[in-house]
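Quick notes on the structure that follows.
The values are calculated or read from the model by the stated rules, or taken from the named source; none is laboratory data. Quick caveat: nothing in here was measured; it's all calculated off a predicted structure. Please note: Cβ atoms are built from the backbone with ideal geometry, for glycine as well, and neighbour counts cover all protein chains shown. Calculation scope for accessible area: heavy atoms of the full protein, side chains included, ligands and nucleic acids excluded. Shrake-Rupley method; radii C 1.70, N 1.55, O 1.52, S 1.80 Å.
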Amino acid sequence: MAAGRDKVIHLLRQLHGVSCRCPAHSHTYSQAPSSQTTTEYAFEMAVSNIRYGEGVTKEVGMDLLNMGARNVCVMTDKNLASLPPVQTVINSLAKNGINFCLYDKVRVEPTDKSFKDAIQFSKSGSFDAYVAVGGGSVMDTCKAANLYASSPDAEFLDYVNAPIGKGKPVTVTLKPLIAVPTTSGTGSETTGIAIFDFEELKAKTGIGSRAIKPTLGLIDPEHTLHMPERVVANSGFDVLCHSLESYTAIPYNMRSPCPTNPINRPAYQGSNPISDVWAIHALRIVAKYLKRAVNNPDDREARFSMHLASSFAGIGFGNAGVHLCHGMSYPVAGMVKKYKAKDYNVDHPIVPHGLSVVLTSPAVFSFTAAMCPERHLEAAEILGADVRTAKMKDAGLILADTLRKFLFDLNVDDGLAAVGYSTADIPALVKGTLPQERVTKLSPRQHTEEDLSKLFEASMKLY
């Protein structure tokens, strides 16, 4: 234990101490914005309408009736199909005379193949509205199904993020989509993002467009009472990293290129004054309530608060974006070998998204802190660190150590090695990270393949 901890600290210090190679990043965020015309000058906020309250799921039938819907696709996964959240939706639709078809084949951690299956179902149904009941996997699958059913002539890769896909802007009008989140993690009910495993590359990618965000998110905290302990923890880690990454992402006015047309402005734009507010608020809730929500399933205040925190963080990162933790997590999840996470009733190996993201967080924030140390220190303080005598140059190490203690207290697996990876896998993990430019380019600090290798190495063990 002590030897492993010493090695982790040594690797973190190496990452923290390497000077940035990029002249443009030789100062912190306090530097004046670039005067180059290729640099972004604006940011745009887009978020779904959301409704919060115990029991609001019962209103979904009335909402669809108000929208004029007559033939609705309800999407969920097999685990949820017989549980109260789905039954409540079905009862509400029946009560209000809404015709519907249930699709319960959503894959937990969806793939391009599972997306295509849901898309085909949607195309054959002539639906005029959608309801997604579940976690991020369900909501993301439903977004994709709605998009491609509304654009029947599009090829699958047309809307997938570049460089894996063509990244075309969405110009078609989609059908109304109501999202009913049953976990407290992805914030997908607020965003125009749909993530999947691209099996050919063994890495995650996705579709990012404001056009695919849900019309309405029904945030019913009663659904969180059905979540097992590890699902609460791993979904909470996603909220944690959404908050930290969006708050420390490159500022919007330092991002390039500047779009020649507003339709080409990406959903992920860099940190900005509005997203910052949501990110920090969500982080404070995580610090106060996540451990309680994991340790006590009857703590309604904690579980309900985390449900809101997920949406708050979604508003933040859905417009600011995330960076290295998420970019590096995609090959970690996509290349999974035999690891099956506790409390996940699935028939395939799985490193849950929130876990794959948080395992690299100590190394990542040790590396990025040089660019905005004051933000890293602020985050560390929110998570419980005493920073009254802290020096800015130590911000990354302080946040890294704070995160490691936070994860240790929540019984998180001891790094990438504990979920089946070794140093021999690092080249493949780096290769899987390189295509994730949609998020990695939002890192406040530029990085090389060598940097990524060191980050993965430092993440093999946490404690």
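Being open to solvent by 10 Å² or more (accessible area, probe 1.4 Å), under 16 Å from the mean Cα position of the chain (by Cα) and among the small types (Gly, Ala, Ser) is a property that holds for Gly135.
Contact map, region 423-441: first residue under 21 Å from Asn161 (Cα atoms), second residue of a type in the set (S, T, N, Q) and not in a helix (DSSP H, G or I), Cβ cut-off under 6 Å, separation 6 or more or different chains; pairs are Arg438/Asn161.
Selection within region 138-159: residues that are surrounded by fewer than 20 Cβ atoms within 10 Å (Cβ to Cβ) and among the charged types (D, E, K, R). The member of this set that is nearest to the chain's Cα centre (by Cα) is Asp158.
Do we have Ala211 as open to solvent by less than 20 Å² (accessible area, probe 1.4 Å) and not in a loop (DSSP other than H, G, I, E, B) here? In short, no. Taking region 409-463 and the helices (runs of 4 or more DSSP H) fully enclosed by it, the elements with 1 or more residues that are small (Gly, Ala, Ser) are at 426-433, 449-458.
If only one of Ser122, Ser114 is open to solvent by 10 Å² or more (accessible area, probe 1.4 Å), at pLDDT 95 or above and in a helix (DSSP H, G or I), which one is it? Just a single option satisfies the conditions, and that option is Ser114. Set side by side, the residues Tyr252, Tyr247 differ, and just one is of a type in the set (Ser, Thr, Tyr) and either free of Cβ contacts under 8 Å to residues at least 40 places away in the same chain or over 29 Å from Glu109 (Cβ atoms) (or both), which is Tyr252. Hey, does region 372-394 have a residue that's within 27 Å of Gly432 (Cα to Cα), part of a helix (DSSP H, G or I) and in contact with a Lys or Arg (Cβ under 9 Å, 6 or more places away or on another chain)? Among the residues of region 372-394, not one is within 27 Å of Gly432 (Cα to Cα), part of a helix (DSSP H, G or I) and in contact with a Lys or Arg (Cβ under 9 Å, 6 or more places away or on another chain), which makes the answer no. Tallying residues that are open to solvent by 20 Å² or more (accessible area, probe 1.4 Å), of a type in the set (S, T, N, Q) and not in a loop (DSSP other than H, G, I, E, B) within region 59-95 yields 5. Would you be able to tell me the number of residues in region 281-314 that are open to solvent by 70 Å² or more (accessible area, probe 1.4 Å) and outside any helix (DSSP H, G or I)? Residues flagged as open to solvent by 70 Å² or more (accessible area, probe 1.4 Å) and outside any helix (DSSP H, G or I) within region 281-314 amount to 1. Among the residues of region 424-447, are any open to solvent by 50 Å² or more (accessible area, probe 1.4 Å), hydroxyl-bearing (Ser, Thr, Tyr) and under 23 Å from Lys202 (Cβ atoms)? No: region 424-447 contains no residue that is open to solvent by 50 Å² or more (accessible area, probe 1.4 Å), hydroxyl-bearing (Ser, Thr, Tyr) and under 23 Å from Lys202 (Cβ atoms). Of everything listed in (1) open to solvent by 50 Å² or more (accessible area, probe 1.4 Å); (2) farther than 18 Å from Ser356 by Cβ, the single unmet condition for Ala390 is (1). No other residue among Val239, Val232 is over 30 Å from Met371 (Cα atoms), at pLDDT 95 or above and part of a helix (DSSP H, G or I) apart from Val232. Kindly indicate whether any position in region 157-179 is farther than 29 Å from Gln269 by Cα, modelled with pLDDT under 95 and in a loop (DSSP other than H, G, I, E, B). Within region 157-179 (the criterion being farther than 29 Å from Gln269 by Cα, modelled with pLDDT under 95 and in a loop (DSSP other than H, G, I, E, B)), the answer is no, since none of the residues qualifies.
Within region 26-52, if we keep just the residues that are open to solvent by less than 60 Å² (accessible area, probe 1.4 Å) and in contact with a strand residue (DSSP E or B) (Cβ under 8 Å, 6 or more places away or on another chain), the residue that is modelled with the highest pLDDT turns out to be Ser48.
Sub-7 Å Cβ pairs linking a first residue in region 62-80 that is over 17 Å from Pro214 (Cα atoms) to a second residue that is open to solvent by 60 Å² or more (accessible area, probe 1.4 Å), at least 6 apart or interchain, are Arg70/Asn99; Asn71/Asn99; Asn71/Ser126; Asn79/Asn345, ordered by first then second residue.
Being open to solvent by less than 30 Å² (accessible area, probe 1.4 Å), in contact (Cβ under 8 Å) with a residue 60 or more places away in the chain, touching a strand residue (DSSP E or B) at 6+ places or on another chain (Cβ under 8 Å) and β-branched (Val, Ile, Thr), is that true of even one residue in region 348-358? Yes; the residues of region 348-358 include at least one that is open to solvent by less than 30 Å² (accessible area, probe 1.4 Å), in contact (Cβ under 8 Å) with a residue 60 or more places away in the chain, touching a strand residue (DSSP E or B) at 6+ places or on another chain (Cβ under 8 Å) and β-branched (Val, Ile, Thr).
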